[in-house]
1. Find how much the distance from CYS201 to THR135 grows on full extension, using 0.36 nm per residue of separation minus their present alpha carbon separation; answer in nm with one decimal.
2. Normalised by the residues of the stretch 96-145, what does the relative contact order come to in percent, with Cα pairs under 8 Å and at least six apart?
3. Where only protein heavy atoms count, and the probe is 1.4 Å, what is the accessible area per residue for the stretch 171-210 in Å²?
4. Indicate the gyration tensor shape class of the stretch 123-210 (rounded, prolate or oblate), computed on the Cα atoms with a ≥ b ≥ c the square roots of the eigenvalues: a/c under 1.5 is rounded; otherwise a/b larger than b/c is prolate and the rest oblate.
5. Calculated FRET efficiency, ARG165 and ALA106, Cβ-Cβ r, R0 25 Å, to nearest 0.05?
6. Roughly how many percent of the accessible protein surface of the stretch 89-180 is carbon and sulfur, given a 1.4 Å probe and a whole-percent answer?
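The values are calculated or read from the model by the stated rules, or taken from the named source; none is laboratory data. Model, not experiment: these values are computed from the prediction. Cβ placement follows ideal geometry from the backbone for every residue including glycine, while neighbour counts extend to all protein chains displayed. Remember, those area values only see protein heavy atoms, side chains included, never the ligands or the DNA or RNA. Shrake-Rupley method; radii C 1.70, N 1.55, O 1.52, S 1.80 Å.
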Amino acid sequence: GTVMRSAVTHHRLSALLLAAAVVLVCAAGLAACAPQTEFTAGGKTDTGYANDSVGLILTLPEGWAFYDDALIDMMMSTSGQLVSDKASLAKSEAGTRYEFMAYSPAGDTISLTADTANARLSLKRYIRSYRQSLTTQIPGTVCTFEDEMPGILLGGSLWTRLTVRTTMLGVEMTQYVYFLKTDNAILTLTAADLGGHDAACYEAMFTSGQ
């Protein structure tokens, strides 16, 4: 009935805000580490997203759709209120940009961000700071981390995957977070799963186009 639909809608909204907050947390924890550099952005296509610089093509499954830029900006602003370190968050905004955020009918999301402000960091240090920030920047967050797994082929590049079981805002989810360091940016691809899908389901969305 109406109560059940309202509960489901609240659950999906909470999950969406959580996914945006995770990006902000990572950026805030790393904001002052290095000067901003240039990153070559990709773009949306008829079937998903493509980025030639890392050989990455996303094909969205049936029923999935992109959030538009205005809604992403609104979510980032709202989620920013959850982050405790507002000063670092403000510094991070100019150096971190969303390439895309897409969602499924069930409320799962997948997003790609490019952090040009911290491109000089080693990937190991970047991931370590990500883990620390995720557990300290948003009050009440409970995270369980699995071991990092390097060498995950997404498109034409090898990414490092971090799996995180997270409880936040009353929502339980699994996040499959992929990191890739390039000359000018560190990319973070985050799949926030609510439905019990494994990492392979999200990795299958990406090809190199070759």
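1. Gain on extension, CYS201 to THR135, equals 21.2 nm.
2. Relative contact order of the stretch 96-145: 25 percent.
3. 39
4. oblate
5. 0.90
6. That share works out to 50 percent.
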